[in-house]
Amino acid sequence: MQPDSPRILVIRRRYLGDIVLLGPVFRNLRLHWPAATIAAVVEAAYAPVLTLNPDVNEILVLPQRWTEWPGFLARLRRARFTHVLDLDNNDRTALLTRLTGAPFRAALHHDVLHWAACYTADVLHPPVIHERSSIVDYYLAILPAAGVPVTTREVRLVPRPTDLAAAQKLVRPGGRKLLVHPGSRSPWRMWPAENFAAICDRVQNELDVQVFVIGGLGEQKAVTGIRQHARSHLVVFDAPLNLPQFAAFAAQFDLMLCHDSGPMHLAAAVGTKVVALLGSQNPVLFAPPGEGHTVLQPPLPCTACVTPGQCAPGDSYHNHCVRNITVDTVWAALRRHLAR
């Protein structure tokens, strides 16, 4: 293997937003080694989004059955990777990294290094720095250990032409358009449906902006709630879309209103500006990538809990802090974007 054409494996199993934000890692690897073969290990649910990244040559899907592991591990050995970058660093990925047999094996972590003997390089992102950095900067911290300079932080995905053509038939060109995605991986982090409905009405009535509402299979309750509370006509798109199709669909809009979520990162990566609603999660760590986005968050620490006795202070997955963002605050942010 020539040093200018290494075979590189990047390990990050999940989630959607995390996989999208790997983009600058792949881009900097490609810029440093144009002839490299770059592969990624992910879980099956998130593999499709990597098909939109032109810097990734190969996608390896983690087995879902124990009977598939022997063949998967044999495939890793046959690939003869020269570099492995483990961005998960748990017991399983540490062992996976070691079993590749790669000469260079680096782990990235911000707490405890698992199975140190599996690695040739250990990259610690100290907690005091980690909490003040974006996930993009966290991922990029592993590259200098491999001798790769960081020259770009851009997160960019390229929708497929066939998906773009299909999306353009669903969203006719002309006029300003707002896409509303009310879902979240955690139901605690969701803004009330009646608030979304009030925003949709106001945007259409006062700004003459067409509003589309979209949700995944597990988010139809939120979509239905918005439709029931809205007084204006909404275009509700409830046909199932896979990740590449959603990326092409989101690219048709001027702006997306959403929570901190994987779809937020996916929309930002295809060039759509977002207004993101956060609860108590770290707004620096989870900010949408790129310029021109707006992140809204209530004053913290919370002094006016909307569900006393239910929320878990300090656990962003189990509190309702996002409900303290007012409709007027969201309206002001949307108006700044859509009136341009």
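The values are calculated or read from the model by the stated rules, or taken from the named source; none is laboratory data. Since the structure is predicted, the reported quantities are computational estimates derived from the model, not experimental observations. Ideal geometry is used to build each Cβ from the backbone, glycine not excepted, and the neighbour counts take in all protein chains shown.
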Looking at (1) surrounded by 21 or more Cβ atoms within 10 Å (Cβ to Cβ); (2) within 21 Å of Gln297 (Cβ to Cβ), which one does Tyr138 not meet, given that it meets all the others? (1)
Single unsatisfied condition, Thr162 versus (1) over 24 Å from Pro289 (Cβ atoms); (2) among the hydroxyl-bearing types (Ser, Thr, Tyr); (3) touching a strand residue (DSSP E or B) at 6+ places or on another chain (Cβ under 7 Å): (3)
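Inspect all residues belonging to the stretch 185-202 and state whether any of them is of a type outside the set (S, T, N, Q), assigned to a strand (DSSP E or B) and surrounded by fewer than 17 Cβ atoms within 10 Å (Cβ to Cβ). Steps first, please.
Filtering the stretch 185-202 for residues of a type outside the set (S, T, N, Q) gives 185, 187-194, 196-202.
Then drop every residue that is not assigned to a strand (DSSP E or B), which leaves none.
Within the stretch 185-202 (the criterion being of a type outside the set (S, T, N, Q), assigned to a strand (DSSP E or B) and surrounded by fewer than 17 Cβ atoms within 10 Å (Cβ to Cβ)), the answer is no, since none of the residues qualifies.
Every residue, every condition in (1) surrounded by 16 or more Cβ atoms within 10 Å (Cβ to Cβ); (2) farther than 16 Å from Phe196 by Cβ, yes or no:
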position	(1), (2)
Ala248	yes, yes
Val284	no, yes
Gly290	yes, yes
Gln310	no, yes
Cys321	yes, yes
Val327	yes, no
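Determine, yes or no, whether Leu278 is out of contact with any His (no Cβ under 7 Å at 6 or more places or on another chain), more than 21 Å from His130 (Cβ to Cβ) and modelled with pLDDT of 90 or more.
Spelling it out, it is not the case that Leu278 is out of contact with any His (no Cβ under 7 Å at 6 or more places or on another chain), more than 21 Å from His130 (Cβ to Cβ) and modelled with pLDDT of 90 or more.
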For the stretch 300-330, the count of residues that are assigned to a helix (DSSP H, G or I) and of a type in the set (Val, Ile, Thr) equals 4
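Applying the selection to the stretch 106-151, what residues are part of a loop (DSSP other than H, G, I, E, B) and under 17 Å from Ile8 (Cβ atoms)?
Restricting attention to the stretch 106-151, the residues satisfying the condition of being part of a loop (DSSP other than H, G, I, E, B) are 110-115, 119-120, 125-126, 131-134, 141-142, 147-151.
Correct list: Tyr119, Thr120, Ala141, Ile142, Gly147, Val148, Pro149, Val150, Thr151.
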For Gly271, the lone unmet condition from (1) surrounded by fewer than 17 Cβ atoms within 10 Å (Cβ to Cβ); (2) over 19 Å from Gly23 (Cβ atoms) is (2)
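On the basis of being surrounded by fewer than 18 Cβ atoms within 10 Å (Cβ to Cβ) and touching a Leu at 6+ places or on another chain (Cβ under 7 Å), does Asp122 make the cut? Spell out how you get there, then give the answer.
Working: surrounded by fewer than 18 Cβ atoms within 10 Å (Cβ to Cβ): yes; touching a Leu at 6+ places or on another chain (Cβ under 7 Å): yes.
Against the criterion (surrounded by fewer than 18 Cβ atoms within 10 Å (Cβ to Cβ) and touching a Leu at 6+ places or on another chain (Cβ under 7 Å)), Asp122 qualifies.
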Mind checking which pairs have a first residue in the stretch 52-74 that is within 30 Å of His32 (Cβ to Cβ) and a second that is among the aromatic types (Phe, Trp, Tyr), Cβ under 7 Å, 6 or more apart or different chains? Asn53/Phe26; Asp55/Phe26; Val56/Phe26
Out of Ala116, Ala44, sole residue that is surrounded by fewer than 15 Cβ atoms within 10 Å (Cβ to Cβ), of a type in the set (A, V, I, L, M, F, W, C) and within 19 Å of the chain's Cα centre (by Cα): Ala44
